Amino acid sequence: MILASHAALSSSQKALLKRGKITTVSDLILIPAQDVARKCRVSPLEINAIVETICKAHPIYAQTLDELLSPPNLYGVCTSGDSHLDAALGGGFRTGMVWEVVGESAAGKTQLALRMALLVQLSKELGGLAGSACYLITSGKLPTSRIVQISQHHSLISTSGQCSLDDIHTMPIPSIDFLVQALRKLLPDFIELRSGQHTSDSTVKPVRLVIIDALGELFHSSDKTSTRTLVERAQNITEISAHLHSLASKYGIVVIVLNEVVDAFERQPNTEDPTVGLSYAEQSKWYARAHNLPGENRKEASLGLVWANQINARIMMSRTGRRTHTHSDNAATHKRQKTDVGRTKTRNEETESLELVRRLSIIFSTVSNPQSLDYVVDSAGIIVLEEEGHSKETVTAVTFPYTALPLAIPIAPLDVGCVESESAVNGRPSGLSLAPNDEDDWEAFWENDSITEAMYLAASSDSVK
Amino acid sequence: MDTRSQLLSSLPISPSTLAALTKAGYETIDDLPQSNSANQLTDVLKIPLEASTTLYSSSQRPGDIEGSSGLPSTQSAAALMGSKSKQKQRTFATRCSQIDALLGGGLPEGGILELSGPPGSSKERILLNVLRSFVETNRSVLFDMCDPRIIDEYIKDIPSARRLISYVKAGDLEKLMVLMYNLSSHIDNTFELLAISCITFPFQNAQLSNSAKNNLLEKIKQTLARLSNAQNVTIVITSQLVTKLLNVDGTTGNFDSVGAKGVMVPQLGHAYLPSGKTFRVSVALDGPNPNTAFVRLLAPFKPGNFKILPVAR
């Protein structure tokens, strides 16, 4: 909010703020009053008075839970297209949350996302949100023929007649900068536009689903990645998250972010000393990996703690190399269309009755308990297999020998970015202005920094789709 | 880590000065703003300059050395709260017997509880348990930033619960600070529990200098102190963690420290929490199931006496 046009301030107050270049409420509230006073060349008391006026002009507006949850409201849930998966998710994909679907290439993440882009279009009675989808894609094109195939073979979608490609809007995001710009302006503007159009024409579907396919792809590190880049990227993550959460709650949107896995290395655990902190090695095992099947824990979600802190739920999908006969009471599963030529294994072409069984594990979620399910991918998308006799054992974590890497950093690259930005700020000599937009000082600081190739031995990301 | 705090009432200042300080929510030396000079305190609180100066000179801050000498007899958090309040000290259950034990029986009314932990830990669940304890006894709650639906699912079996719970969303730093200011300046807040989940979210995306950030944390501390001391509001806050690298010798490392280990600590540190009223509990994961966890009391800190206990459901 701009102070110059704020109704609660007098013109002399506006003038002195303008003098000190204090333009927004943020400037006023977040910069220490002494500094504001100095910039405006008035006493702190005058600034305190202005702060008081502004805060009084924005009093606490609290709604009771009753008021908040009575209709109409933006809270909703979209079916995943599979009743078992819906149950595991806590009813389906809820709005106002950022969901992460992480896994190896060809595990089925995109399959899930593509079907969601259709399902969101269904009416609420049928389990959708009567909305359209924005599909942000980092590389390649939207696999439209696969979307058509799903829409024809998934009974709920095909019988409804409510879903089409027209309501899936694609946006390319080939780099982090593109994504950040899209989230700052393009996407919010588009969502606002559709929302406005819907108000005057109810056949226009407002955006109720945003998919990012795939975030991890944008953040690959190489031996040329500098510390400065890592710091910036850690900041990019939190900015991206802030936009996603804001859009999710403001418009009642389901946000699904696809992410990659990296190889997990057994890190040397710390001796636990709670006075210094929790062990990164020990904790990251539990929030970044799944432990429901042997071998599942060999992969961990990429992007570190800094990203894990941003998401409300983490769903991991893995190929497991197991096969099963399809059950007779499932609809005959047709071979699914390949989304990338040459990538899909064709082993199962001769053995139509044996399906590659994959595993979906909810690692954490604010709205349901951790659990684990088997699924297959067919022409209609993801099909969760019912339990049927094979017992669900939770396998204790399979440990494998610690691979000692020279100078291996025991934490994810983006978390290095967080560490470095903290120590950079803290390491500055006192007395200097610590404002991060003090360009010259920052430039000088980073000039002296370098990062060695060996840093990234531990951080090889899974090779891409 | 928290240090024990000396009560302002034990310092050589006049009753009117003490009254002004108490009204502003300052109870112990650590509650006083650290970076402000005596002049500023005078300006803001309208107490005589000599009184301010006395305050600052007689408050012997231990600095970085914990448990240092120079402080007169210290008091435990529970004792401080007990001696202050004339009302009967209620406690509220977290429904995790181990945490209740760490807190000495439950969270005391007017106390402040910080729950920190990694993604997937049950810190939010514990906050909801406390919320439930309030609502069950017909007390009202103000919560900031939790998902209302999750709260609703938790309390919907309690009659009239929905009307006892009010919601604000201060999702960015500007809104959070305006909220803090307004909470601080209201003398008659109607809620008895303030629940914030989570306080670190608005800070993580803010591009702030260190001094600006510390200034904001100080303001939050003043608000929390005022709510807790002057209005007996109980406060529960969840906090996320940030990564730090530690050298073998325990000093802070950076990326090229050989043999450095990664640790995770609460993102905002303890600067935003009034000492003497605050319990800081760390909730760690020890398996894929969040219902088993390790909980530790980070503050009040007793050297050599931290508790590591598994949490039952």
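The values are calculated or read from the model by the stated rules, or taken from the named source; none is laboratory data. Keep in mind it's a predicted model, so treat the numbers as computed, not measured. When we count neighbours, we look across all protein chains shown, and the Cβ atoms used for this are built from the backbone with ideal geometry, even at glycine. Calculation scope for accessible area: heavy atoms of the full protein, side chains included, ligands and nucleic acids excluded. Shrake-Rupley method; radii C 1.70, N 1.55, O 1.52, S 1.80 Å.
Tally up the residues in segment A:53-104 that are touching a residue at least 40 places away in the same chain (Cβ under 8 Å), open to solvent by less than 20 Å² (accessible area, probe 1.4 Å) and of a type in the set (A, V, I, L, M), please. Here the count works out to 8. Among the residues of segment A:237-248, write down those that are over 12 Å from the mean Cα position of the chain (by Cα) and buried (at least 20 other Cβ atoms within 10 Å of the Cβ). Passing the criteria: only A:247.
Yes/no per residue for (1) of a type in the set (S, T, N, Q); (2) assigned to a helix (DSSP H, G or I); (3) over 38 Å from the mean Cα position of the chain (by Cα):
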site: A:49; (1), (2), (3): no, yes, yes
site: A:52; (1), (2), (3): no, yes, no
site: A:61; (1), (2), (3): no, no, no
site: A:99; (1), (2), (3): no, no, no
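Total residues in segment A:11-45 satisfying the condition of being open to solvent by less than 50 Å² (accessible area, probe 1.4 Å) and in a loop (DSSP other than H, G, I, E, B): the figure is 5. Is there a residue in segment B:219-236 that is open to solvent by 20 Å² or more (accessible area, probe 1.4 Å) and within 11 Å of another protein chain (Cβ to nearest Cβ)? Among the residues of segment B:219-236, at least one is open to solvent by 20 Å² or more (accessible area, probe 1.4 Å) and within 11 Å of another protein chain (Cβ to nearest Cβ), which makes the answer yes.
The rows are residues; the columns are (1) open to solvent by 10 Å² or more (accessible area, probe 1.4 Å); (2) at positive phi; (3) without any contact (Cβ under 8 Å) to a residue 60 or more places away in the chain.
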| position | (1), (2), (3) |
| --- | --- |
| A:106 | yes, yes, no |
| A:110 | yes, no, no |
| A:115 | no, no, no |
| A:121 | no, no, no |
| A:134 | no, no, no |
| A:142 | yes, no, yes |
| A:145 | yes, no, no |
| A:148 | yes, no, yes |
| A:153 | yes, no, no |
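Can you confirm whether residue A:244 is in contact with a strand residue (DSSP E or B) (Cβ under 7 Å, 6 or more places away or on another chain) and either away from every other protein chain (no Cβ under 14 Å) or of a type in the set (D, E, K, R) (or both)? Judged against the criteria, residue A:244 is not a match. Can you tell me which residue is modelled with the lowest pLDDT among those in segment B:276-299 that are buried (at least 23 other Cβ atoms within 10 Å of the Cβ) and either part of a loop (DSSP other than H, G, I, E, B) or assigned by TED's automatic domain parsing to the domain that holds residue B:8 (or both)? Only one residue fits best here, namely B:290. Residue under question is residue A:48, and the condition is that it be within 13 Å of chain B (Cβ to nearest Cβ) and either under 21 Å from residue A:247 (Cα atoms) or buried (at least 21 other Cβ atoms within 10 Å of the Cβ) (or both); does it hold? Against the criterion (within 13 Å of chain B (Cβ to nearest Cβ) and either under 21 Å from residue A:247 (Cα atoms) or buried (at least 21 other Cβ atoms within 10 Å of the Cβ) (or both)), residue A:48 does not qualify.
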